[in-house]
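Student: Pasting a structure below so you can have a look.
The values are calculated or read from the model by the stated rules, or taken from the named source; none is laboratory data. From a predicted model like this one, the values you see are computed outputs, not experimental measurements. We place every Cβ from the backbone using ideal geometry, glycine too, and count neighbours over all the protein chains shown. Calculation scope for accessible area: heavy atoms of the full protein, side chains included, ligands and nucleic acids excluded. Shrake-Rupley method; radii C 1.70, N 1.55, O 1.52, S 1.80 Å.
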Amino acid sequence: MTPFGITAPGRILFGRGEAAKAPALIRAFGPRGVVVHGANPARAAWLVEALGPDTLALPCAGEPTLADLETGLTAARAHRPGWVVSLGGGAALDLGKALAGLIPAPGGPMQHLEVVGKGLPLKADPLPFIAIPTTAGTGAEVTKNAVIGLPDLGRKVSLRDDRMVARLAIVDPALTDHCPKGVTLASGLDAVTQVIEPFVSIKATPYTDALARPAIGTGMKALMQLMQGEDPEARDRMAWVSLCGGLTLANAGLGAVHGLAGVIGGLTGAAHGAICGALLGPVLAVNREAASGAARNRLDEVCAVLAEVLGSTAEEAPVALQAWAWAQGLPGLAALGVAEDWHRQIAAAALQASSMKGNPVSLDLPALHTVLAAA
């Protein structure tokens, strides 16, 4: 068996009601800290109030940009916190994780951002980071990177360090109850993508297989149930799949869906989950067509699982998945702001993306053009 490691938070709490433990557990890291929350501060009021007057609340209204990070960093450093908590969706988790990493660092973000910056390792240990997700999609509560947008450059890049993994992740599915249908659909498809791509990744391990393989069907069934109506049990299963996705991508990488999605998100500002949902079916189809041997066997296995849930054949599963997502209201790439004459630029940039390193087969520019045209 090929040797492998496991990257994961020091402690993970999962289940309904677990969020109630957060204030006491966070205070164990010290009396003074920062809470990063989503656009609606009311959703974080219970936690901010429970943590007391030495808590600085910082909003994250959308997917964080470099300007957002720099503004938050100035405010947070002035507060002199001992810890950072994120309560919100993937955007709030990314911003909080980046702040926890950079507050003790002597330089600014560009010293450490990949691709557009120097990509240097952090020179100081990050502050303790505590992650409490309120959507089931990104799995960012258990990963070691934070995604930051640079709209002026049309890019999204990562701040990445093994020490940025959360000290504590609290995944309470009750916090995702009654999430709007569109957000549930997009984030849910992201979660499903993030158990499929690590399973077919060339960097898959027995650990990631054990989490990813059973979560594929579980995630699709739960998401289909939630499109029919609110269902606490389905929310629980979706939160579990999202957690599995975060753990598996942190240890086995991703693939062409995320390689393309990072570029498209940087160019358009569209929601990451919606982009991944639009790309998943077409990428599966192109990968399956190009693959052989063990890679083809894994892709066939994924398509068989999807076919059983969707009521299609394995051959038809990628198209059936796309058709189902469209029927639920998921927009295609054109509706998300991707112009056809951007396809060549997107494909070329995606080939350089770190996520592409895990794809089960090597895709060339014509293959990526096929994906973009179908999505």
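Student: Which one of these does G182 not meet: (1) assigned to a loop (DSSP other than H, G, I, E, B); (2) farther than 21 Å from G72 by Cβ?
Tutor: It fails just one condition, (1).
Student: Something else: Which of the residues spanning segment 67-84 are open to solvent by 30 Å² or more (accessible area, probe 1.4 Å) and more than 19 Å from A28 (Cα to Cα)?
Tutor: Passing the criteria: A67, D68, E70, T71, T74, A75, R77, A78.
Student: Report yes if G88 is on the phi > 0 side of the Ramachandran plot and surrounded by 24 or more Cβ atoms within 10 Å (Cβ to Cβ), otherwise no.
Tutor: The answer is yes for G88.
Student: Pairs only if they're at least six apart or on different chains, beta carbon under 7 angstrom, first in segment 99-112 and in contact (Cβ under 8 Å) with a residue 60 or more places away in the chain, second among the acidic types (D, E) and part of a loop (DSSP other than H, G, I, E, B); list them, first residue then second.
Tutor: Short answer, once both residue conditions are applied: G101/D161.
Student: Quick one: how many residues across segment 21-41 are free of Cβ contacts under 8 Å to residues at least 24 places away in the same chain and open to solvent by 70 Å² or more (accessible area, probe 1.4 Å)?
Tutor: Qualifying residue count for the region: 4.
Student: Can you list residue pairs whose Cβ atoms sit under 7 Å apart, with the first residue in segment 244-265 being on the phi > 0 side of the Ramachandran plot and the second being surrounded by fewer than 24 Cβ atoms within 10 Å (Cβ to Cβ)? Count only pairs 6 or more apart in sequence or on different chains.
Tutor: Once the first residue is on the phi > 0 side of the Ramachandran plot and sits in segment 244-265, its partners that are surrounded by fewer than 24 Cβ atoms within 10 Å (Cβ to Cβ) give G253/K203; G253/S355; G253/K357; G253/G358.
Student: In addition: So which residues in segment 338-375 are open to solvent by 40 Å² or more (accessible area, probe 1.4 Å) and not in a helix (DSSP H, G or I)?
Tutor: L351, Q352, S362, D364
Student: If you don't mind, there's one more thing I want to ask. Within segment 116-165, which residues are within 20 Å of N251 (Cα to Cα), of a type in the set (S, T, N, Q) and open to solvent by 10 Å² or more (accessible area, probe 1.4 Å)?
Tutor: Within segment 116-165, T138, N145, S158 qualify.
Student: Exactly one of (1) over 22 Å from V142 (Cβ atoms); (2) touching a strand residue (DSSP E or B) at 6+ places or on another chain (Cβ under 7 Å); (3) among the charged types (D, E, K, R) is unmet by D94. Its number?
Tutor: Condition not satisfied by D94: (1).
Student: Let me ask something additional. Only one of A375, A327, A307 is within 15 Å of G255 (Cβ to Cβ) and out of contact with any strand residue (DSSP E or B) (no Cβ under 8 Å at 6 or more places or on another chain); which?
Tutor: On the way: A327 fails: within 15 Å of G255 (Cβ to Cβ); A307 fails: within 15 Å of G255 (Cβ to Cβ).
Only one candidate passes the filter, namely A375.
Student: Of the residues L223, L159, which single one is free of Cβ contacts under 8 Å to residues at least 40 places away in the same chain, in contact with a Leu (Cβ under 8 Å, 6 or more places away or on another chain) and on the phi < 0 side of the Ramachandran plot? Show your work before the answer.
Tutor: Values: L159 fails: free of Cβ contacts under 8 Å to residues at least 40 places away in the same chain.
One residue alone meets the criteria, L223.
Student: On to the next question. Between L13, L56, which is in a strand (DSSP E or B) and open to solvent by 30 Å² or more (accessible area, probe 1.4 Å)? It would help to see each step written out before you state the result.
Tutor: Working: L13 fails: open to solvent by 30 Å² or more (accessible area, probe 1.4 Å).
So the residue among L13, L56 that is in a strand (DSSP E or B) and open to solvent by 30 Å² or more (accessible area, probe 1.4 Å) is L56.
Student: Which residues, taken from segment 32-53, are assigned to a helix (DSSP H, G or I) and of a type in the set (A, V, I, L, M)?
Tutor: Of everything in segment 32-53, those that are assigned to a helix (DSSP H, G or I) and of a type in the set (A, V, I, L, M) turn out to be A42, A44, A45, L47, V48, A50, L51.
Student: Further, regarding this structure: Take D94 and tell me if it is open to solvent by 40 Å² or more (accessible area, probe 1.4 Å) and under 20 Å from the mean Cα position of the chain (by Cα).
Tutor: Taking the combined requirement at face value, the residue does not satisfy it.
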